[in-house]
Structure formats: C-alpha cells, structure tokens
1. On the given criteria, is Arg108 in contact (Cβ under 8 Å) with a residue 40 or more places away in the chain, surrounded by fewer than 22 Cβ atoms within 10 Å (Cβ to Cβ) and not small (Gly, Ala, Ser)?
2. Taking the residues in the range 75-100 that are under 14 Å from Asp64 (Cα atoms) and out of contact with any Leu (no Cβ under 8 Å at 6 or more places or on another chain) as candidates, determine which candidate is surrounded by the fewest Cβ atoms within 10 Å (Cβ to Cβ).
3. Can you list residue pairs whose Cβ atoms sit under 9 Å apart, with the first residue in the range 153-181 being modelled with pLDDT of 85 or more and surrounded by fewer than 12 Cβ atoms within 10 Å (Cβ to Cβ) and the second being not in a loop (DSSP other than H, G, I, E, B) and not acidic (Asp, Glu)? Count only pairs 6 or more apart in sequence or on different chains.
4. Could we say that Arg113 is exposed (fewer than 14 other Cβ atoms within 10 Å of the Cβ), part of a loop (DSSP other than H, G, I, E, B), modelled with pLDDT under 95 and of a type outside the set (Phe, Trp, Tyr) here?
5. Which one of Leu102, Leu79, Leu97, Leu75 is part of a loop (DSSP other than H, G, I, E, B) and in contact with a helix residue (DSSP H, G or I) (Cβ under 7 Å, 6 or more places away or on another chain)?
6. Report, by residue number, each residue of the range 146-187 that is touching a helix residue (DSSP H, G or I) at 6+ places or on another chain (Cβ under 6 Å) and in a loop (DSSP other than H, G, I, E, B).
7. Residue check, Val131 against (1) in contact with a Lys or Arg (Cβ under 7 Å, 6 or more places away or on another chain); (2) in a strand (DSSP E or B), all met but one. Which one?
8. Just to be sure before I move on: is Val7 under 15 Å from the mean Cα position of the chain (by Cα), in a helix (DSSP H, G or I) and of a type in the set (A, V, I, L, M) in the structure I sent?
Amino acid sequence: MREAGFVLAGGRSSRMGRDKALLRHLGVPLVVRAAAAVSSAAGSVTILGDPAFYGRFGWPVVPDEQPDLGPIGGLCTALEHTKAEWNLLVACDMPELSADLLRELIRRTHRCRSLCIAPLTEKGLEPLCAVYRRTALPEVRKAIAGGRLKMRDLLPLLDAAPVAGLDPAWFRNVNTPAEWAGYRHSR
C-alpha cells in the first residue's frame, strides 16, 4: 500500500467544552466530513479515537496507544498501525478540508525524500493536515521519549517539505466556542 489516511478524533476538546468531532457543519459531524475527505483522497481512513464512541460512523477506529499525549500520540499510533509508505494525518476540526486539497498533498509525496510533507501557512508548517512517511516513526518515538510533544516542533526533525500557495482557510480549525461561532457566522 502506498498511502493510507487517518483522522485525529481522540482529543478531550477541553477548550471547546464538548466533543469538537461532533460539531455539525452543513448538517454533518466534523469527524464524518474529515473521514470522508481523507478516504476519498487516500483510499482508506482510520479514525484515531475511542472505538466505542467513533465506531458508530462505520470506519475503522484505533485508540491512542499512549493516551493524553495529544496529536503526536495519535501520529505515533497511526505510524505503528500502518502498512502504507505515506500516511495522511488530518485533525477532525478543520471544516473546510477538501478531498482535492488532500489529494494534492499526497501527490507531492512522489519523488519526495523528506519524512513529511506539510502545507505552509502564515503560522508556519501545518502538522495537523500533513502526510507522514512510515519511516518517521523512530523520530516520533524519540520526540515523545524526550517530552517534545508539540507537533510543530516535530516537523523540523522530519525535514518536512513545505507545500506553499494553498488557501489558508482550508486549515482553519475550531478549538473554542468563540472560534466555532465566528466560523459559522463568517460563512
């Protein structure tokens, strides 16, 4: 298998006060929108979260093997479970993600020597909508063992290749009720 897709849905959503994955955009839970886009782009999708809760959506679900590490724990779990060379990892809280955007990221993996490909935004590289090579697993484990749990700090260790020129709205995520309200009212 050349590529596989994963959706991060295992977070606590503490800033939102309720499960972000279940927020509805255009009548569809964010986790379902993200999983459908990832599946379309990568040919498969696995949700990283609680199987008892997210299993109802019909896709495979794998729990974090090391809970409470945040997204880096989800990435580690994905890379430990995958058989694919390249693995698309997407957070469930980006309402504007599209399968076309994700296909473009996967297309950029051809002839790439880096361990990661990530969109370049005004905030820097976006680690929560990126494609990771399976062989990045040792670096991910080393970062976790060293207590370096921020995904943005991981990308330089992976010599992440930037993808510039993408619409920043695609990567806008919602973490708080105010961000969600602002997002919904801006549409």
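The values are calculated or read from the model by the stated rules, or taken from the named source; none is laboratory data. This structure is a prediction, so every number in the text was calculated from the model and none was measured. Glycine gets a Cβ as well: all are built from the backbone with ideal geometry, and neighbour counts include every protein chain shown.
1. Numbers: in contact (Cβ under 8 Å) with a residue 40 or more places away in the chain: yes; surrounded by fewer than 22 Cβ atoms within 10 Å (Cβ to Cβ): yes; not small (Gly, Ala, Ser): yes.
Spelling it out, Arg108 is indeed in contact (Cβ under 8 Å) with a residue 40 or more places away in the chain, surrounded by fewer than 22 Cβ atoms within 10 Å (Cβ to Cβ) and not small (Gly, Ala, Ser).
2. Checking each candidate, the answer is His81.
3. Pairs found: Pro156/Leu125; Ala164/Pro119; Ala164/Leu120; Gly165/Leu120.
4. Details: exposed (fewer than 14 other Cβ atoms within 10 Å of the Cβ): yes; part of a loop (DSSP other than H, G, I, E, B): yes; modelled with pLDDT under 95: yes; of a type outside the set (Phe, Trp, Tyr): yes.
It is true that Arg113 is exposed (fewer than 14 other Cβ atoms within 10 Å of the Cβ), part of a loop (DSSP other than H, G, I, E, B), modelled with pLDDT under 95 and of a type outside the set (Phe, Trp, Tyr).
5. Numbers: Leu102 fails: part of a loop (DSSP other than H, G, I, E, B); Leu79 fails: part of a loop (DSSP other than H, G, I, E, B); Leu75 fails: part of a loop (DSSP other than H, G, I, E, B).
Answer to the selection: Leu97.
6. Residues satisfying the conditions are Leu149, Leu158, Val174.
7. (1)
8. For Val7, the condition - under 15 Å from the mean Cα position of the chain (by Cα), in a helix (DSSP H, G or I) and of a type in the set (A, V, I, L, M) - is not met.
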